[in-house]
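Have a look at the structure below, then the notes.
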Amino acid sequence: MIADNVLKNAKAYLNGQIVDCSLALDEGKIHKIGKESQMPNADEKVNLRGLLVLPGLIDVHVHLRDEGKAYKEDFYSGTSAAAAGGFTMVLDMPNNDPVTMSAMSLKNRMAIAQRRVLVNVGFYSELPKNLTEMKDIVAEGALGFKLFMASQVGGLNIDDDAALQEAFREVGELGVPLAVHAEDKTLITATEAKLRQAKKSDTAAFLKAHSEEVELKAIQRVLTLSAETGVRLHFCHISTQEGLNAVAEAKRAGRAVTCEVTPHHLLLSRADMERQGQMLAVLPPLRSKNHIQALWNSLADGVVDVLGSDHAPHTLDEKSSGSIWDVKVGMPGLETSLPLLLTQVRRKQLSLGQVVQLFAENPARIYGLDGRGSLEQGKNADLTIVDFNREFKIDASKFKSKAKFSPFDKWQVVGKPVKTYVNGLLVMDEGEIVAKAGSGKVIRGGGK
């Protein structure tokens, strides 16, 4: 046979170790991994000269915007950012305009995405008001549901315990994960009202409104209401020691619970926000050093299952305002996450194996992405190729994302994604997008 491509002189991450090998890619799959002499003939041969080949990385927490929010990011710019950052698949959050929370809104969004995406994209849906619609949403291809608890986003009334319990039961029966943004709306609303009344509108007020207690209270409420419902919970961007403790306790009790942390919560603190101000406004907010250490400890202990960028692009105008209450929260993260984490590998804060586990293996397992998450014969040819020794300075002005700002701008990092293969196709090469819009795929339930 003649394969589509052979990548030779690679150092590939296989079964927990780095192995010198070559990889043959054919019809979007990994055809063979082995010595160069064992490779079939190929239409194209690429000499990787010792570059590191990782399983295609998966970011389960991305806001691609588009539709009514296309001025901040669209499917092409967002997936360009993903490819540039070494991600071969992202999962898109549903707080869009219109909100993704029906089979029709999901179908429309997928149709727009299919024409524009450069990497593979899966979709969440919000919980609809009428829970009987959830079956159709999953049938349309949603990989999971999202529950925002800090404010009312979807159709389900988040203040209604009985409605939440019924939703948990339904999600459990449908067999997809429920991703939770755990911040207690009631506590936030009451604290924010007092602060506004006292004319407090600075970063200190923001941090007070979104206190550590806000996260813990929401996690505890969800865990209590979801007991005996069979739902698989995935807690997004955990930021506090108490939140991690609650998740760890639920895991020990045998609950089907996973959780995620972000690079910005690992590497930035509330002191950074106090110094830099509104640009660093994110939810949950940045925390003090003791919480950051708890996040690192939980990575080491295996309590944390996933790393997610929480890529949340906005315009610069939306990130600056006279009042913190009017600032849009979030920051771009697709193009900085991998270099930042590879730099931490250099500093012995975590291992390369943990990066692969947290950004590939576990996301594929949790979201049922068959054929992804590891380098094996017969699996999808999604590859993240890294120059592990490349030093460079993060330059937000050159981001592929429309959001050309970052709290990590000008940070010196070591380890750069240099090629991204999606379904066997080279999409990013040395920072340049070399594939056409629409070359990525919309991935529906079951990894199809």
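FYI, it's all coordinate maths here, none of it is from the lab. It should be emphasised that the depicted structure is a prediction, and the values quoted were computed from it without experimental measurement. We place every Cβ from the backbone using ideal geometry, glycine too, and count neighbours over all the protein chains shown.
Each of Trp325, Leu23, Gly154 was placed along the dipole of the chain (beta-carbon charges, centred on the mean Cα), and the one lying farthest toward the positive end is Leu23.
If the chain linking Lys436 and Ser320 were pulled fully straight, counting 0.36 nm for each residue of separation and taking away their Cα-Cα distance, it would gain 38.3 nm.
The mean of 1/r over all distinct Cα pairs in region 325-435, once inverted, gives the Kirkwood hydrodynamic radius of 15.5 Å. With the largest listed first and rounded to whole Å, the semi-axes of the equivalent ellipsoid of region 56-366 from the Cα gyration tensor are 25, 23, 22. In the structure shown, the pairs Lys45/Lys393; Lys8/Lys379; Lys208/Lys402 are assessed against 25 Å; a Cα-Cα span above that value is assigned to Lys45/Lys393; Lys208/Lys402. Values of log10 I(q)/I(0) for region 409-448 across q = 0.14, 0.19, 0.31, 0.33 Å⁻¹ run -0.47, -0.70, -1.05, -1.11, by the Debye formula with one identical scatterer at each alpha carbon and no solvent. Fully extending the segment from Asp161 to Gln38 would add 38.3 nm, taking 0.36 nm per residue of separation and subtracting the current Cα-Cα distance.
Ratio of Rg to Rh for region 236-391: 0.99 [Cα atoms; Kirkwood radius as inverse mean 1/r over pairs]. Taken about its Cα centre, the chain carries a charge dipole of about 820 debye when Lys and Arg each add +1 at the Cβ and Asp and Glu each add -1 at the Cβ. For region 17-152, the C-alpha radius of gyration sits at 1.33 times the compact-globule guess of 2.2 N^0.38 Å, with N the residue count. Straightening the chain between Gln152 and Ala193 buys 13.1 nm, computed as 0.36 nm per residue apart minus the Cα-Cα spacing.
Pair-distance distribution of region 1-65: all C-alpha pairs, bin width 5 Å, starting at 0; shares per bin in whole percent are 4, 18, 25, 21, 13, 7, 7, 4, 1, 0.
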